[in-house]
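The values are calculated or read from the model by the stated rules, or taken from the named source; none is laboratory data. For clarity, every value in this text was computed on a predicted model and none was experimentally measured. So basically every Cβ, Gly included, is an ideal-geometry build from the backbone, and we count neighbours across all protein chains shown. The area values use the complete protein model at the heavy-atom level, side chains included, leaving out ligands, DNA and RNA. Shrake-Rupley method; radii C 1.70, N 1.55, O 1.52, S 1.80 Å.
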Amino acid sequence: MTVAQVPPARLTVIAGPTAVGKGTVVTELRRRHPDLFVSVSATTRPPRPGERDGVHYHFVSDAEFDHLVASGQMLEWALVHGTHRYGTPRRPVQERLDAGEPAVLEIDLDGARQVRAAMPQARLVFIAPPSWEELVARLIGRGTEAPAERARRLDTARVELAAADEFDHIIVNDSVARATDQLEEVLGLSR
Ligand code: 5GP
């Protein structure tokens, strides 16, 4: 089956500003649905404490990333927060879609736009914060970024929030359980 023949809504792209809690919502979704395929991205960013290669990301060098892009192995990729590159390896996603199974990507706005252009049948879900103040509080509270990096991420977040209207669904992450319930609905998953 080619991508064009894949039934609608098999590919779901989740995006949203930094620190909105996308990762937490997707983790909860995976906890509820351990068999659901969630793409593991490749990144040139170094691992944070506790992150495992092949599980959270495929941590690759700049040269390896260059090769993945040049050889057409990336479904999409982007420079995120102006620092590191992140991309979705094409093959694992394609295999799921070819098998008629759902695939979930958690990527940035730029990547979501690329997927929409390449696969118009993809469903785009935007995870939004309850408010701007709450987003800033979450980013500071997370404490994983130095002040300069935090400022860069907030700049990106401002731009990303303005793009929410481009998405098919907007889910406000005021509670992880509720946001995950809504995501299940979009994905057509029942518990
Ligand atoms: P972090 O460094 O906090 O793990 O991720 C930073 C950002 O990179 C997040 O907003 C996340 O959505 C985005 N990201 C992660 N993987 C990918 C990917 O494969 N492609 C794109 N375009 N963005 C990604």
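Note the full-extension length gain between Asp66 and Thr83 as 0.36 nm times their separation in residues minus their Cα-Cα distance, in nm to one decimal.
Residue separation times 0.36 nm, minus the Cα-Cα distance, leaves 4.6 nm.
Treating only the Cβ atoms of Lys and Arg (+1) and Asp and Glu (-1) as charged, compute the dipole magnitude of the chain about its Cα centre; round to the nearest 20 debye.
240
Give me the compactness ratio for the chain, meaning the Cα radius of gyration over 2.2 N^0.38 Å.
Working it through for the chain, the quotient is 0.99.
So what does Thr156 come to for accessible area, using a 1.4 Å probe and Å² rounded to 10?
The value for Thr156 is about 40 Å².
By accessible area of protein heavy atoms, probe 1.4 Å, what ranking do Val172, Val13 get, highest first?
Highest to lowest solvent-accessible surface, that is Val172, Val13.
Protein chains only, probe 1.4 Å: how do Ser71, Ser41 rank by accessible area, largest first?
Solvent-accessible surface, decreasing: Ser71, Ser41.
With a probe of 1.4 Å, find how much accessible area the chain has per residue, and write the answer as a whole number in Å².
50
Just the number, please: carbon plus sulfur as a percent of the accessible area of the chain, 1.4 Å probe, no ligands or DNA/RNA counted.
C and S fraction of accessible area: 52 percent.
What whole number of Å gives the distance from the Cα centroid of region 48-95 to the Cα centroid of region 167-191?
Here the two parts' Cα centres lie 26 Å apart.
Determine the calculated [θ] at 222 nm for the chain from helices alone, applying -39500 (n - 2.57) to every DSSP H run no shorter than 4 residues and normalising by the residue count; nearest 500 deg cm²/dmol.
Rounded to the nearest 500, the figure is -12000 deg cm²/dmol.
Report the net charge of residues surrounding Ala42, where surrounding means a beta-carbon distance below 9 angstrom and charges are Lys +1, Arg +1, Asp -1, Glu -1.
So the environment of Ala42 carries a net charge of 0.
For the full complex of protein chains and a 1.4 angstrom probe, list Leu124, Leu154 by accessible area with the highest value first.
Descending order: Leu154, Leu124.
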